[in-house]
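The structure under discussion appears below in the form of structure tokens.
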Amino acid sequence: MRRAESAPSTSSAGLRLRAAALACIAALLLPAGPAAAGLLMDDEQLPPEDAAPAAPEFSTRELIAIPMPPGMGIRIGVDPATIQVGKDGIVRYVAVATNAAGEATSAMYEGIRCSNAQVKLYARHYADGGWRPVAEPAWVSLYETRVRYSLAIAKAGVCQDASANGSASKIIRDLRGSPLYPTP
């Protein structure tokens, strides 16, 4: 008489070991973000940054509203007349922050470098004193919590994958009717 062949062990320890092995393999194979997917450039690969123009005059009359992530207590709008795409690929613009009552509280003159998902603040504008340049402007990751509004601006139409979204007019058109963030 032949003995029936036994099925492979399905003990809970064996299942946990297999699950842990699969998790390790998945962690090695899945990209950790845009940089791992090869979409972003290292700082050494970037073209040199052109000198940023002086902070432009801006208006609050024609602001393009940027949908903010839930929980943000401010509203952000971009003045379309200030959007510039530099030869260095950096998109510079003025973003205006308003409080819940809709009063302008401050404005920021910034640049987004889509090729490595970074933003730089060049100057702040306050109602009581005009533009104040940042002493030492530095590039900051768009994924830092303190610049969530800049990430929203990038996603709403400033960046297309890892590059500037074409000309200033195309960026304005996409910001006004963003496919990623429908106009509220």
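List of remarks:
- Accessible surface of THR105 - all protein chains present, 1.4 Å probe, nearest 10 Å²: 70
- Within the assembled protein chains, the solvent-accessible surface assigned to ARG132 is about 110 Å², based on a 1.4 Å probe.
- Formal net charge of residues neighbouring CYS159 (Cβ-Cβ distance under 11 Å; K, R +1; D, E -1): 0
- In a simple Cβ point-charge model (Lys, Arg +1; Asp, Glu -1; nothing else charged), region 106-184 has a dipole of about 120 debye relative to its Cα centre.
- Taking a straight line from the alpha carbon of LYS155, these lysines sit under 17 Å away, with near neighbours fewer than eight places off in the same chain left out: LYS120, LYS170.
- Heavy-atom accessible surface of region 62-176, averaged per residue, reaches 46 Å², computed with a 1.4 Å probe.
- Gyration tensor verdict on region 94-184 (Cα atoms; rounded if a/c is under 1.5, prolate if a/b is larger than b/c, oblate otherwise): oblate
- For TRP139, no residue has an amide H sitting under 5 Å from its own, ignoring neighbours fewer than 5 places away on the same chain, with H placed 1.01 Å from N.
- Solvent-accessible area, 1.4 Å probe, carbon plus sulfur percent, for region 114-184: 53
The values are calculated or read from the model by the stated rules, or taken from the named source; none is laboratory data. Here the structure is a predicted model, which means the values were calculated and not measured. Heads up, the Cβs are rebuilt from the backbone with ideal geometry, glycines too, and the neighbour counts pull from every protein chain shown. Keep in mind that these areas ignore ligands, DNA and RNA; they rest on the heavy atoms of the full protein, side chains included. Shrake-Rupley method; radii C 1.70, N 1.55, O 1.52, S 1.80 Å.
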